[in-house]
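Student: Take this structure first; my questions come after.
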Amino acid sequence: MGSSRKPGYVETHLGWTHYVEEGDGPPLVMLHQTPRSADEFCELLPLVAARHRAIAVDMPGFGSSPPLPAPQTIQAFADGVVAFLDALGLEAVTLLGHHTGAVVALEIAAAFPDRVRALVLSSMGFVDAKSRQRRQAHAIPDDVEWSENGDRVKALWEGRAPLFPSGRGDLLQRFVRDAIAPSIDPAEGHRAVGRYHMEERIPLVSAPTLLIGATLDPAFPELPQVQHALTAVSQVRTVVVEGGRLPLMELNAPEVAAAVQNFLAEIFGEDTDTEESRP
């Protein structure tokens, strides 16, 4: 951990929202996947903080931020994040989202275009009518019933294990810790994504966008659909991380940092001449 890392809370209409930040410069706000928290960006945070005020937030409904009642929606997550930006006095930011966080970032860019300088969408699946129907026919990830004997923890671990590399039980432990946090429904964020009408919202996005795909991530085959649907974005870049998996932010933080820094340098001319940001 970098010595300048600062955890904090800020009050919004939903309650006290938890976040971690490091560095100075143009703000880069990071949004995690379901059912994670700001912890997902522990490895990435110090790398991008070399040139940015890097902020990882527990989205509403996750981590140590206020719970949200079901049925949760992507719009509610997005409104909560915008309230968080307001509370910190942040106007226009770069948003980096991974999986569910990417969908939330997309909705913010669609609903509040003046608040988003640029988008980084990592491992975002494409959600349309066919996808929603397909999701209804399959089990919801992390949908595990409560039990008094600890079986729920084992089920969450075993359900996610195939998406993690062998020998990285430390990453699975971090995932399970977030999934069993108080007041968290680890499946509800997935349901929110499944309810989202992305095909209606994505044409409204105009911010410069970087798409990051991980070849071993379940969402990777949908990357071309996402790129094709960004019809109002004049500057779309794509970076593919060979061998990247679901825990991309932890396992491939240097590659992600380099992709983000290079993209922002190309779009805005922001200096990226640091050891961490060189490919």
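The values are calculated or read from the model by the stated rules, or taken from the named source; none is laboratory data. Just so you know, these numbers come straight off a predicted model, no measurement behind them. Virtual Cβ from ideal backbone geometry, glycine too; neighbours counted across all protein chains shown.
Student: Considering only residues that are of a type in the set (G, A, S) and within 16 Å of I108 (Cβ to Cβ), which ones fall in region 45-64? Quick ask: steps written out before the conclusion?
Tutor: Residues of region 45-64 that are of a type in the set (G, A, S), as a first pass: 49-50, 54, 56, 61, 63-64.
Correct list: A56, G61.
Student: Looking at region 124-133, is at least one residue touching a strand residue (DSSP E or B) at 6+ places or on another chain (Cβ under 9 Å) and either basic (K, R) or in contact (Cβ under 8 Å) with a residue 12 or more places away in the chain (or both)?
Tutor: As a first pass, look at region 124-133 and keep what is touching a strand residue (DSSP E or B) at 6+ places or on another chain (Cβ under 9 Å): 124.
Those left that are additionally either basic (K, R) or in contact (Cβ under 8 Å) with a residue 12 or more places away in the chain (or both): 124.
Within region 124-133, one or more residues are touching a strand residue (DSSP E or B) at 6+ places or on another chain (Cβ under 9 Å) and either basic (K, R) or in contact (Cβ under 8 Å) with a residue 12 or more places away in the chain (or both).
Quick grid of which residues meet (1) buried (at least 17 other Cβ atoms within 10 Å of the Cβ); (2) acidic (D, E); (3) free of Cβ contacts under 8 Å to residues at least 24 places away in the same chain:
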{"position": "R191", "(1), (2), (3)": "yes, no, no"}
{"position": "A207", "(1), (2), (3)": "yes, no, no"}
{"position": "L210", "(1), (2), (3)": "yes, no, no"}
{"position": "D217", "(1), (2), (3)": "yes, yes, no"}
{"position": "E242", "(1), (2), (3)": "no, yes, no"}
{"position": "P247", "(1), (2), (3)": "yes, no, no"}
{"position": "L251", "(1), (2), (3)": "yes, no, no"}
{"position": "A257", "(1), (2), (3)": "yes, no, no"}
{"position": "E266", "(1), (2), (3)": "no, yes, no"}
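Student: Tally up the residues in region 229-270 that are of a type in the set (D, E, K, R) and within 12 Å of G213 (Cβ to Cβ), please.
Tutor: Kept after step one, since they are of a type in the set (D, E, K, R), are these residues of region 229-270: 237, 242, 245, 250, 255, 266, 270.
Next cut, within 12 Å of G213 (Cβ to Cβ) only: 237, 242, 245, 255.
Going through region 229-270 one residue at a time, the tally reaches 4.
Student: Please determine whether any residue of region 81-103 is more than 22 Å from P182 (Cα to Cα), among the polar types (S, T, N, Q) and either crowded, with 22+ Cβ neighbours inside 10 Å or touching a His at 6+ places or on another chain (Cβ under 7 Å) (or both).
Tutor: There is at least one residue in region 81-103 that is more than 22 Å from P182 (Cα to Cα), among the polar types (S, T, N, Q) and either crowded, with 22+ Cβ neighbours inside 10 Å or touching a His at 6+ places or on another chain (Cβ under 7 Å) (or both).
Student: Can you tell me how many residues in region 154-186 are surrounded by 19 or more Cβ atoms within 10 Å (Cβ to Cβ), in a loop (DSSP other than H, G, I, E, B) and not β-branched (V, I, T)?
Tutor: 3
Student: When only residues in region 1-33 that are out of contact with any Asp or Glu (no Cβ under 7 Å at 6 or more places or on another chain) and part of a loop (DSSP other than H, G, I, E, B) count, which is modelled with the lowest pLDDT?
Tutor: Selected residue: M1.
Student: State whether the residues of region 55-72 include one that is surrounded by fewer than 20 Cβ atoms within 10 Å (Cβ to Cβ) and of a type in the set (A, V, I, L, M).
Tutor: Yes: region 55-72 contains one or more residues that are surrounded by fewer than 20 Cβ atoms within 10 Å (Cβ to Cβ) and of a type in the set (A, V, I, L, M).
Student: Go through L246, L210, L264 for me and flag whichever is touching an Asp or Glu at 6+ places or on another chain (Cβ under 9 Å) and outside any helix (DSSP H, G or I). Give the steps one after another, and end with the answer.
Tutor: Numbers: L210 fails: touching an Asp or Glu at 6+ places or on another chain (Cβ under 9 Å); L264 fails: outside any helix (DSSP H, G or I).
Result: L246 is the single residue among L246, L210, L264 that is touching an Asp or Glu at 6+ places or on another chain (Cβ under 9 Å) and outside any helix (DSSP H, G or I).
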